[in-house]
1. Report yes if some residue within the range 442-454 is among the charged types (D, E, K, R), under 30 Å from Q314 (Cβ atoms) and not assigned by TED's automatic domain parsing to the domain that holds G302; otherwise report no.
2. Can you tell me which residue is farthest from the ligand (Cβ to nearest atom) among those in the range 356-387 that are assigned to a loop (DSSP other than H, G, I, E, B) and hydroxyl-bearing (S, T, Y)?
3. What's the total number of residues in the range 445-488 that are within 17 Å of G400 (Cβ to Cβ) and touching a Lys or Arg at 6+ places or on another chain (Cβ under 7 Å)?
4. Picking from D120, D101, which residue would you name as being touching a residue at least 40 places away in the same chain (Cβ under 8 Å), out of contact with any Phe, Trp or Tyr (no Cβ under 8 Å at 6 or more places or on another chain) and not aliphatic (A, V, I, L, M)?
5. Considering the range 163-183 alone, what residues qualify as being in contact with a Lys or Arg (Cβ under 9 Å, 6 or more places away or on another chain) and closer than 25 Å to A114 by Cα?
6. What number goes with the only condition from (1) among the polar types (S, T, N, Q); (2) assigned by TED's automatic domain parsing to the domain that holds P168; (3) surrounded by 15 or more Cβ atoms within 10 Å (Cβ to Cβ) that T145 does not pass?
7. Among the helices (runs of 4 or more DSSP H) confined wholly to the range 290-355, which include 3 or more residues that are away from the ligand (no atom under 16 Å from the Cβ), under 30 Å from L280 (Cα atoms) and not basic (K, R)?
Amino acid sequence: MGACNITVLLLVIMLWLPHGLSMGNSCSASVLEARRFFELENEQLRRRFHEEFLSGYNYNTNVTEANRQAMIEVYARNAELNKRLAQQIKASDYIQSEDADIRRQAEHLSKLGASALNADDYLALQNAISSMQTNYATVTVCSYTNRSDCSLALEPHIQERLSHSRDPAELAWYWREWHDKSGTPMRQNFAEYVRLTRKASQLNGHRSYADYWVQFYEDPDFERQLDATFKQLLPFYRQLHGYVRFRLRQHYGPDVMPAEGNIPISLLGNMWGQSWNELLDLFTPYPEKPFVDVKDEMEKQGYTVQKLFELGDQFFQSLGMRALPPSFWNLSVLTRPDDRQVVCHASAWDFYQDSDVRIKMCTEVDSHYFYVVHHELGHIQYYLQYEQQPAVYRGAPNPGFHEAVGDVIALSVMSAKHLKAIGLIENGRLDEKSRINQLFKQALSKIVFLPFGYAVDKYRYAVFRNELDESQWNCGFWQMRSEFGGVEPPVFPHRKGL
Ligand SMILES: [Zn+2]
């Protein structure tokens, strides 16, 4: 835990420093006036965020048409107010203020993104996005073994099959069914989304929406560094990929997994092939050193979802951080309700008021969710740590940072040392072979994710920049997944979907 403590301490220091250093010493009348202006506007912004996240949470925890409409109405109303504020700032001289903090707030609040659109276009954009969300949250597919049962949801039913079936035909069935139903009907909405974000970029003076996204990293060299980092990683990833392909061939035979070329994504235990650790039993380098199944131990000890979150809460408190407030326990949705549709994808929410932070996820008791619980609580703890900041600063310093906070914590929580400390395994010291098994498991999750994440961003940049013709949107994506990750759809070419 020592290393973890230092990391967390550094994070806290980093959070404090920028604001503390940027206050400046100026007390001129214009600076005082500007401070007053941003104080008032930040309070208004905080209220708008509060209202937006409340309506977004209502929709995400109860996916109905009425809640979708209510949410996009709030977004549209606030977009107009954000636009007005940005215009006011642009018409002032705040961006040239002698005070660094005022300059930074002014810059942030004048970046409009999609809010630059006119009211009709903005509403159309939100409609396209939320229609995709609704479809994603509610799509079900037919069972491979009983085609008249078409009630299988991604979480938990399809994921359970992807994790446990070893029948390539069944795996390909679920992959194709889910993509056909989640992707294909959304093509028009995606096209509308791309069209309107292009329009917003033009209004904001950006070359594309990709440039709008990338600017938040505040480094003109960001994309080149991203490419260079990925290139550095590739030789290692290729070894991992080659080893997994070899083990898949051993299991399935050369007809299903040839010696050369891409791996069919449906064989990898995850719908997007973004992590492969569900198939650990097929790949373990030293099978004679089996992993202790934490899930069995959790069941034996009577673990509940509530207990997983309590453990997470205690862990953060043991690092000297804040306890989860009572509202977290009362207002979060921690398991899948059976009386309504919810967006099951785990997410952590900040409501910008009275330390109101919540998690929405369809938690189950196993080691995967044990990890996710700590990851999500990382977001929550970060929200609580920066809640004193003005609304404009209540976020990560760049779009990648929030995810890193949760993962730093979650990685240390999954260590043998910690699992022993909380009584889930007996032996916290791993011998060499067990350690390699453990590191291999991490690689199947963390290293394997990188080509996936890289391809998704490169793909979106290419679409936003009009470098891919609309007729090539599907094919272009699979070319990138093939080139960067060495995986391909089980049905190739997968012409219909996105
Ligand atoms: Zn996250």
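The values are calculated or read from the model by the stated rules, or taken from the named source; none is laboratory data. Since the model is a prediction, treat every value here as computed from it, not as a measurement. Cβ sites come from the backbone with ideal geometry, for glycine too, and all protein chains shown count toward neighbours.
1. Taking the range 442-454 and keeping what is among the charged types (D, E, K, R), we get 446.
Those still in the list that are under 30 Å from Q314 (Cβ atoms) too: 446.
From what's left, not assigned by TED's automatic domain parsing to the domain that holds G302: 446.
Yes: the range 442-454 contains one or more residues that are among the charged types (D, E, K, R), under 30 Å from Q314 (Cβ atoms) and not assigned by TED's automatic domain parsing to the domain that holds G302.
2. The first filter runs over the range 356-387 and keeps only residues assigned to a loop (DSSP other than H, G, I, E, B), leaving 356, 361-366, 386-387.
Okay, now just the ones that are also hydroxyl-bearing (S, T, Y), so 363, 386.
On the way: T363: 14, Y386: 16 Å.
The extreme case among them is Y386.
3. 1
4. Numbers: D120 fails: touching a residue at least 40 places away in the same chain (Cβ under 8 Å).
Going through D120, D101 in turn, the sole match is D101.
5. G183
6. (3)
7. Details: elements: 294-300, 305-318, 326-331.
Here the list reads 294-300, 305-318.
To keep it simple, each residue is scored yes or no on (1) surrounded by 19 or more Cβ atoms within 10 Å (Cβ to Cβ); (2) not charged (D, E, K, R).
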position: I359; (1), (2): yes, yes
position: E364; (1), (2): no, no
position: H374; (1), (2): yes, yes
position: G378; (1), (2): yes, yes
position: Y386; (1), (2): no, yes
position: V392; (1), (2): no, yes
position: P399; (1), (2): no, yes
position: H402; (1), (2): no, yes
position: S412; (1), (2): yes, yes
